[in-house]
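Okay, structure first, notes after.
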Amino acid sequence: MWVPYQLSKSNNRTQTWLVLTAAVALAVTFLFITASGAVVADGTAPTHDSISEVNSSVGVDTGTNLTILQYNDIQTAMADNESMARLVGAINDRKAATDNPTIVVGGGDEVSPSSLSAVSEWQVPIDVMNVLNPAAEVIGNHDLDYGFEPVKNFTEASNFPWLVANIQAEDGSNIPGTQDYTTVERDGVKIGILGLVDDAIDPKTAVDFAEQGYEVTDWSQAGSEVATTLEKEENVDVVVALTHTGVPESKEIANNTDNIDVIVTGDDEVLHEPAVTSGTVIIEAGGEATHLGELSLSVTDEQVGFNGGRLYNLEEGDWSMNESADQAVQAGRTEGLTTVAGETTEPLDSTFGNYADDTGWGRIIGDAFLAQTGADVAMTNAGGIRGNFMLEAGELTYDDIYTSLPFGNTLVTKKMSGSEIVEYLSRTAAPFDSDFGVQPELQVAGLTYEVVDRPDPPQKIKDVHVHGEPIEMDKSYEVTVNSYMAGGPMLSELETVNNDLTLYGTAAVNYIEEQGTVTPPQEDRIRRTTRAFGEPTISLDGETATLEYDVPAAVDSIEEQSLTLMNETTGQLAVDAVEFDGDSLRLSVNQRSLISLSEQSDTVQLYGTYTDSEIDSQRNGFNMSRLNADAMVSQAVRLKDELETVNTELEDTQSELSDTKAELDEAQAKIDEKNDEISGLKSTLSEKEDRIDELENANADSSDSDGPGFTLLIAVGAVVSLALVGTRRQA
């Protein structure tokens, strides 16, 4: 008798029985979902209360209970001895906690990348994996970081098989060292395990599949065919597919096959608690050894039932630490990785945030590329910045840098026209309707641009500048990228100017060592925009510049503290005051600073976050929209302000001249009045002198008659003369 959540068992299944049970399956689905609280991601152990027993013939106490433990995408954690010791310890803890037969499997991307990649390639990861001892592993895209040939080397060094059924050479053979499937047996239960990838593995790897003579075949078809082989020829009881495809593609596989019981997936590094899709349980445990997945099956001779499962957060709880795994990692770590390259004044972001926007660390990496090659522009893909961690302020070791930049990619400089640069930026940016919304997925140097965050924009990329100047579409630029990008779409077809064999991680090391202390550049090189406001009305008054904009009707609210003005080269300017009334936005900023920004670049832009009634509900990834508007104080505005200033100064000068003239006129009137007084005195003096002459003549006549020589009239004349002399001196 079939159960609604029984997994797609291969032997003796018929279409009729599936049809008969479909209605029952739909009826009990809701009961299962609401009753099964088993699938959680904390650190506690599962209990039978959380297990779905939808049919007494296939339940916890029926058949053999098989436990599957899984991990995926260890990547940079492989260089962390504590993370690996904890992962292996947790696996051993869970094995000891259950009496069930147990298998351990991985979801790919284990060999690379990590900081050990630069010094040991795959050797240390395989040493650790042999301690972990899975039943099987699937080839992931990063397991091909060293090419196809090294796969044979690391698979031969592994104590377990590496699987992939749908990467085939021209002669139909597998990648050397891999196989389609394997079988293992636990307490009488025979498990068939197969490996699958999707076609995205080709562009995501550093090797050219077609050039190497390989192709990726249809994963659903390959999965169904191999599963059939496992059931009919190998007589397995359970079919497990290890798929390095991610959850959406794994669901597609489940929907297109009817003979795979469990899918353990990886690649997209999400936490996907075990859940059933089209009769197949799908599970994924994030990445970087932070979680461990577990699910339980009940297996009888005729069918497989899903009992429940969970994800364990290994960063919580008390887990054993495996000494052998610890030692394997530490043995691979050389003294060189502990060397201090320099210091950073601020924390540096090596998380997945590098996909969504430019970061301080991304800017430093881009600047390091330019310092190494002397190119005009540098670009590096966000996927090459790994570790999903923050480099804290303070010392930066080789281990820090190579954990963030772990691949064996070197630097390649391409010749690109301005139009080709814009086209590449457009190709690289994720579209509006992607799972995480519009994302540039690049870090750059020597370049600034805007990514338009709205459905079906006329231009996906706009306002592109190279070193502060508008990009010239017909001009040739030298652009440094990493070798993975150089071998990918579009860039592989362009002329190569220079091949620098320096690892991209080593370029960053060299730059930091030369700088000694690094501070992330402050300019915003990649800017997300949703709506552009119209031209502002700008007025300059004293120390304040005021900008006023008409606001589109779809703008509901504006985050005032997010508003920033910036140019293409020198930096940013905070807004002093904001007034928003729904129809208009009025900003006040420091006039001198705004003019300085305007003088040092050909554009100044306003950016800020806001809520958009039309677009926000359609978007993935970002909660709010971004506004953009021109804020340039043009030469005409500056000249007008200067003219007004000159006019004001001229008016002030004219007023001063008028006041001075009035003062001069008043002084002249006083001078004229004094001159009149002087003229009167002179006339009086003249009269006195005439009288004196008369008197002297009279005295002379008197002297002839022996009269007195000094008379009263003479004395009076002398006094008058003295008074006249005094008056002239005062004038």
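Worth a mention:
- Qualifying residue in the stretch 182-201 (condition: among the hydroxyl-bearing types (Ser, Thr, Tyr), under 39 Å from the mean Cα position of the chain (by Cα), in the same structural domain as Asn65 (by TED's automatic domain parsing) and closer than 20 Å to Gly107 by Cβ): no
- Once the stretch 422-457 is narrowed to residues that are at positive phi and among the charged types (D, E, K, R), the residue that is surrounded by the fewest Cβ atoms within 10 Å (Cβ to Cβ) is Asp456.
Each row is one residue, and each column tells you yes or no for (1) surrounded by 21 or more Cβ atoms within 10 Å (Cβ to Cβ); (2) among the β-branched types (Val, Ile, Thr); (3) assigned by TED's automatic domain parsing to the domain that holds Leu442.
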site: Ser324; (1), (2), (3): no, no, no
site: Asn354; (1), (2), (3): yes, no, yes
site: Glu392; (1), (2), (3): no, no, yes
site: Pro406; (1), (2), (3): yes, no, yes
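- All positions within the stretch 255-268 that are buried (at least 24 other Cβ atoms within 10 Å of the Cβ) and more than 17 Å from Leu297 (Cα to Cα): Thr257, Thr265, Gly266, Asp267
- In summary, Pro150 fulfils each of the numbered conditions (1) buried (at least 24 other Cβ atoms within 10 Å of the Cβ); (2) part of a helix (DSSP H, G or I) with the single exception of condition (1).
- Here Asp143 fulfils each of the conditions (1) under 32 Å from the mean Cα position of the chain (by Cα); (2) more than 22 Å from Leu194 (Cα to Cα); (3) outside any loop (DSSP other than H, G, I, E, B) apart from (2).
- If only residues of the stretch 594-610 that are farther than 16 Å from Asn628 by Cβ and of a type in the set (A, V, I, L, M, F, W, C) are counted, the one that is surrounded by the most Cβ atoms within 10 Å (Cβ to Cβ) is Leu594.
- Meets criteria (surrounded by 21 or more Cβ atoms within 10 Å (Cβ to Cβ) and under 27 Å from Glu288 (Cβ atoms)) for Val238: no
- Within the stretch 368-387, restricting attention to residues that are assigned to a helix (DSSP H, G or I) and hydrophobic (A, V, I, L, M, F, W, C), the residue that is farthest from Thr519 (Cα to Cα) is Ala382.
- Being at pLDDT below 95, among the β-branched types (Val, Ile, Thr) and over 36 Å from the mean Cα position of the chain (by Cα) is a description that applies to Val60.
- Among residues of the stretch 300-337 being part of a loop (DSSP other than H, G, I, E, B) and of a type in the set (D, E, K, R), the one that is modelled with the lowest pLDDT is Arg333.
- Residues satisfying the stated conditions in the stretch 338-367, i.e. among the hydroxyl-bearing types (Ser, Thr, Tyr) and part of a helix (DSSP H, G or I): Thr338, Tyr355
- Search result, residues across the stretch 202-250 that are under 31 Å from the mean Cα position of the chain (by Cα) and either in a loop (DSSP other than H, G, I, E, B) or not assigned by TED's automatic domain parsing to the domain that holds Leu66 (or both): Thr205, Ala206, Val207, Asp208, Thr245, Gly246
- Checked against (1) in a strand (DSSP E or B); (2) over 31 Å from the mean Cα position of the chain (by Cα); (3) crowded, with 24+ Cβ neighbours inside 10 Å; (4) not charged (D, E, K, R), Val276 meets all criteria but (3).
The values are calculated or read from the model by the stated rules, or taken from the named source; none is laboratory data. Since the model is a prediction, treat every value here as computed from it, not as a measurement. Using ideal geometry, Cβ is built from the backbone for each residue, glycine included, and neighbour counts are taken over all protein chains shown.
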